[in-house]
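Taking it in order: structure first as structure tokens, then the write-up.
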Amino acid sequence: MSTINSIADLTDELTATRRELHQHPQTCYEETFASDLVAKKLDEWGIPYERGIAVTGIVATIEGQKTDSGKAIGLRADMDALDIVEQSGQPWASKTPGKMHGCGHDGHTAMLLGAAKYLSETRNFNGTVYLIFQPAEEGGGGAIKMIEEGLFDRFPMDEVYGMHNWPLLPKGMIGLRTGPMMASTDELHIRIEGKGGHAALPHMTCDPAVVAAQIITALQSVVSRNIDPIDQAVVTVTNVNIGTGAFNVIADSAMMTGTIRAFKQETRAFLQKRVKEIVEKTAEAFDAKATCEYVRGYDPTINTEDETALCAEVCKGIVGDDKTL
């Protein structure tokens with residue numbers, strides 16, 4: 001493994017920074033602790049920056065020893081946490097009830113700060129590097145909001161690079177690919193209207209639990225029977241809420257939520273159409289009524305060929321060919 005000593009020397013400092021961030025998680029445009037800590041570090045290292053882009057976002061600027069190339073790239077990390085109760089028992093566990101850096105954005109922020117310190121000290125490049133500290137990645141559309149507020153107009157970049165920790169990979173390995181890397185993430189909200197009544201008289205009701213079960217089963221056929229096996233997609237119902245807890249009462253309605261994911265926009269559009277058809281028609285077959293709200297979230301992450309090839313070569317130089325997937 002080939003590492004730069006001055007970066008390796010930052011290990012203890014960056015570990016402490018990451019743990020400090022981990023203890024103070026905040027979500028979706030509330031990331032004031034992370035934003036303040038980033039600003040403090042940038043001030044300490046003499047790196048200019050602008051705050052308040054997408055509420056808590058920060059963009060810092062580092063110029064190389066030369067800038068006559070006219071080139072500029074962006075390095076991006078997210079700062080927000082999740083609404084999760086941490087039970088790790090670690091000394092640096094979350095001090096904020098109900099919130100946790102469960103997706104590793106504390107690590108991403110610490111890594112980008114490490115890059116900031118190294119680049120500001122060496123400036124061994126020709127051009128400009130913009131450091132993008134993004135809020136609200138977890139469902140808040142922070143990247144879109146930064147773009148809408150002029151990110152690329154105010155800080156024009158030729159390329160943008162980012163990375164994400166991935167616990168499923170063995171330690172020391174790096175994964176990357178050209179083309180689709182991360183799927184689109186859409187939300188599914190289903191409401192079923194039936195007819196409630198006594199559980200001993202089911203013939204006088206329209207049981208939404210039965211309808212919900214049939215819809216869930218039918219939705220499993222979308223990927224297996226409607227999507228090209230070479231393509232990939234996910235349709236998952238994650239929550240089903242029916243009844244009040246009474247063992248002898250059939251409820252009059254049910255709510256379900258889920259997630260739908262795809263790598264291609266045309267597949268995504270088909271899924272939206274097909275899922276809605278299945279939900280509505282299945283409910284109709286049982287004399288119930290169902291509404292299906294399909295909320296589009298993030299688009300797929302598509303890696304460009306030349307930039308991916310460059311990253312692959314860099315990764316091979318750090319961890320070796322056999323650990324670069």
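The values are calculated or read from the model by the stated rules, or taken from the named source; none is laboratory data. The structure presented is a predicted model; accordingly, all values stated were derived computationally and were not measured. Neighbour counts run over all protein chains shown; Cβ positions are idealised from the backbone, glycine included. With ligands, DNA and RNA removed, areas are computed over all heavy atoms of the protein, side chains included. Shrake-Rupley method; radii C 1.70, N 1.55, O 1.52, S 1.80 Å.
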Over the Cα atoms of the range 226-267, Rg to Rh with Kirkwood Rh, two decimal places?
-> 1.25
Volume per residue that the Cα convex hull of the range 220-325 spans, once the total is divided by residue count, Å³ | 177 Å³
Would you calculate, for the chain, the mean residue ellipticity at 222 nm contributed by helices, counting each DSSP H stretch of 4 or more residues as -39,500 (n - 2.57) and dividing by all residues, to the nearest 500?
-> -10500 deg cm²/dmol
Between Asn126 and Phe152, the two model label points (7 Å from Cα along the beta-carbon direction) sit apart by a distance in nm of 2.6 nm
Which number gives the lysine pairs in the range 185-325 that have C-alpha atoms under 19 Å apart and are eight or more places apart or on different chains?
-> 8
Using alpha-carbon positions, what is the distance between the centroids of the range 58-115 and the range 261-325, in Å?
-> 24 Å
Would you tally the net charge around Thr236, using a Cβ to Cβ cut-off of less than 13 Å, leaving Thr236 out, and scoring K and R as +1, D and E as -1?
-> -1
Please label the shape of the range 1-66 as rounded, prolate or oblate, based on the square roots a ≥ b ≥ c of the eigenvalues of the alpha-carbon gyration tensor (a/c under 1.5 means rounded; beyond that, a/b larger than b/c means prolate, else oblate).
-> oblate
Packing-based ranking, highest mean first, of 280-291, 308-319 given that Cβ atoms within 10 Å are counted = 280-291, 308-319
Select from Thr244, Met182, Ile260 the residue farthest towards the positive end of the dipole of the range 156-263; place +1 on Cβ of Lys and Arg, -1 on Cβ of Asp and Glu, and compute about the Cα centre.
-> Thr244
Alpha-carbon centroids, the range 208-231 and the range 146-205: separation in whole Å | 19 Å
Using a 1.4 Å probe, what is the accessible area per residue for the chain, in Å²?
-> 55 Å²
If you project the alpha carbons of the range 76-229 onto the principal axes, what extent comes out on each, in Å, largest first?
-> 78, 44, 37
Could you tell me which label, among [x] 33, 22, 18; [y] 41, 21, 17; [z] 45, 23, 18, carries the value of semi-axes √(5λ) of the Cα gyration tensor in Å calculated for this structure?
-> [z]
Lys/Arg Cβ at +1, Asp/Glu Cβ at -1, dipole of the range 82-207 taken about the Cα centre: which of Pro202, Thr128, Met111 is farthest positive-ward?
-> Met111
Treating the beta-carbon of each Lys and Arg as +1 and of each Asp and Glu as -1, no other charges, what is the dipole magnitude of the range 1-118 about its Cα centre, to the nearest 20 debye?
-> 160 debye
Can you tell me the alpha carbon radius of gyration of the range 149-274 divided by the globular rule-of-thumb value 2.2 N^0.38 Å?
-> 1.55
Residue among Leu21, Leu37, Leu201 with the largest mean-square fluctuation in a Gaussian network model of the chain, springs linking Cα atoms under 10 Å | Leu201
Of all accessible heavy-atom area on the chain, the percent that carbon and sulfur account for (1.4 Å) | 54 percent
Rounded, prolate or oblate: which one fits the range 125-177, using the alpha carbon gyration tensor with axes a ≥ b ≥ c (rounded when a/c is under 1.5, else prolate when a/b beats b/c, else oblate)?
-> oblate
Please report, in cubic angstrom per residue, the volume enclosed by the convex hull of the alpha-carbon atoms of the range 27-137.
-> 100 Å³
Length added when fully stretched, Met173-Ala285, from 0.36 nm per residue minus Cα-Cα | 35.3 nm
